[in-house]
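The values are calculated or read from the model by the stated rules, or taken from the named source; none is laboratory data. Model, not experiment: these values are computed from the prediction. Here the Cβ is made from the backbone with ideal geometry for all residues, glycine too, and neighbour counts use every protein chain on show.
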């Protein structure tokens with residue numbers, strides 16, 4: 001089974017059918033149901049999925065009749081008659097499978113399944129899919145007491161070796177609790193309600209059948225306790241890291257629940273909306289809806305309602321938002337459905353892209369202006385004879401652009417003049433023109449009489465006049481446009497590169513200032529690999545003259561427990577460069593609430609520091625110049641008084 005479904009912690013909104021579709025050959029499951037409807041809701045789709053995938057499918061009935069199963073399958077859209085006719089589907093009574101001969105033999109039943117599996121493979125089926133009603137055990141037929149031995153042997157002798165998958169159906173209220181307990185212990189996967197779980201109570205067959213079941217069971221209990229503790233610790237650490245990253249992220253993050261109420265907002269949302277976090281959490285529903293511009297309100301909140309209902313809607317889109325001060329901002333949003341306090345909610349991460357939109361609009365306007373200029377410009381025009389292809393006439397603009405006068409052009413073929421670099425292409429163009437009556441080249445390299453190379457757009461059409469056929473060729477110089485397009489492409493590439501490279505680093509240290517966790521951004525910032533950074537002390541990458549300041553700053557965070565924001569410090573990269581960073585530092589606590597280290601978000605502000613220093617130098621120079629000018633004026637005044 002795929003890992004995301006097997007974990008038992010499936011995404012909110014994942015349907016039971018999607019979970020069943022995640023099952024694979026070699027999966028052995030038990031269904032512990034509490035009503036016939038719950039049983040049918042699992043068993044019938046399980047078979048329908050297998051039939052759709054071309055697998056051999058078998059249903060073993062006991063209390064249910066074969067006709068009832070056929071009816072349910074038909075409701076699933078299965079052509080039951082065709083499936084049974086081809087042999088892909090078989091519905092057997094348990095007396096033809098589990099209790100052949102009036103008794104139950106685990107080894108005989110395993111052999112039966114192996115035989116069915118080998119038949120299916122020989123017939124070209126990729127897998128065998130089986131589900132059986134286990135209520136026959138309640139009749140206490142001979143051998144029924146070996147039920148759990150059979151389930152364990154399947155895990156040892158059948159499922160690991162063959163591409164088969166099965167669901168064993170057990171009624172929780174009819175079977176003895178000890179039997180249900182054994183069923184849980186002998187199935188790696190368990191279906192309960194509308195969820196599929198990786199069963200951590202499962203005992204491997206070598207332990208279950210080894211004669212020391214109680215000892216194995218105790219060991220599994222102890223292992224589960226340790227695993228639960230590890231899971232809780234990892235979950236707490238993960239949640240804490242996510243909280244720190246979210247609180248310090250430049251992306252705005254919101255959680256909105258039904259009724260248009262905001263139950264979470266990170267600090268970045270205050271920059272985006274103009275409201276404080278407290279104000280956002282207290283906004284009434286109509287004010288929450290008003291955060292979206294009226295032109296986009298139906299789309300945004302309509303998708304919100306659809307997403308809450310579990311419908312498939314686009315997770316990423318842009319819309320216009322309205323700030324508290326009434327200003328309209330373009331926002332880019334990623335939204336997903338989550339579970340919040342046991343109910344569906346929507347988690348949205350958004351970024352203010354107003355500046356990007358302005359740049360895109362400016363680029364679009366610029367391109368449109370240039371395009372119109374080119375389209376309105378004079379074209380070079382050649383008139384060719386429709387039969388021979390010789391040049392009959394040319395307009396002055398072409399003569400000016402290419403440097404040839406009309407006399408030099410008339411009576412010549414295009415390839416004879418030399419301004420079309422590719423001679424063979426020129427000849428092929430004429431033949432294509434005669435055949436189709438139209439040719440167009442978006443980019444045709446030309447060379448002027450002086451040897452200067454230009455890029456041209458070449459369009460040639462056939463027309464008739466006075467009973468003769470002619471070709472009119474329009475040649476438009478697009479050299480400058482090509483240059484502008486290339487410059488625009490480079491500009492956009494530089495802009496994208498800047499956006500992709502702007503990031504903040506996150507790190508964790510122990511109380512001594514040794515890295516215990518770093519992100520890739522920290523690795524890029526300092527030039528060390530993550531492996532080199534783990535365990536590295538701050539004195540390795542911070543200059544000695546700042547050690548005392550760093551110690552006092554972190555000690556202040558330790559003593560007060562209050563975060564330190566925008567703490568400026570110098571870093572020394574692996575190659576010896578000095579960079580300036582601003583850190584936000586917080587304490588890191590263990591599960592008992594004891595401070596065990598620090599966590600921080602680091603931003604490289606080297607360029608900003610350099611710009612500030614350059615500005616200070618310029619201001620100092622301006623002040624000095626002003627003072628010198630004042631001294632000069634004073635000296636001139638004194639000299640004037642002396643002379644008089």
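Filter region 527-541 for residues that are crowded, with 18+ Cβ neighbours inside 10 Å and in contact with a strand residue (DSSP E or B) (Cβ under 6 Å, 6 or more places away or on another chain); which is farthest from residue 241 (Cα to Cα)? Ranking the qualifying residues of region 527-541, first place goes to 541.
Residues in region 536-567 that are assigned to a helix (DSSP H, G or I), under 37 Å from the mean Cα position of the chain (by Cα) and more than 12 Å from residue 587 (Cβ to Cβ): 3 in all.
Scanning region 572-596 for residues that are assigned to a strand (DSSP E or B), under 16 Å from residue 509 (Cα atoms) and either outside the structural domain of residue 549 (by TED's automatic domain parsing) or over 32 Å from the mean Cα position of the chain (by Cα) (or both) yields 595, 596. Would you check if residue 164 is surrounded by 15 or more Cβ atoms within 10 Å (Cβ to Cβ), in contact with a helix residue (DSSP H, G or I) (Cβ under 6 Å, 6 or more places away or on another chain) and outside the structural domain of residue 40 (by TED's automatic domain parsing)? No; evaluated as a whole, the condition is false for this residue.
Please verify whether region 271-279 includes one or more residues that are over 16 Å from residue 333 (Cα atoms), touching a residue at least 12 places away in the same chain (Cβ under 8 Å), part of a helix (DSSP H, G or I) and in contact with a strand residue (DSSP E or B) (Cβ under 6 Å, 6 or more places away or on another chain). Yes, region 271-279 has at least one match.
The number of residues in region 581-603 being closer than 23 Å to residue 552 by Cβ and either surrounded by 18 or more Cβ atoms within 10 Å (Cβ to Cβ) or at pLDDT below 90 (or both) comes to 14. Note on region 135-181: among residues that are without any contact (Cβ under 8 Å) to a residue 12 or more places away in the chain and not in a helix (DSSP H, G or I), the one that is nearest to the chain's Cα centre (by Cα) is 161.
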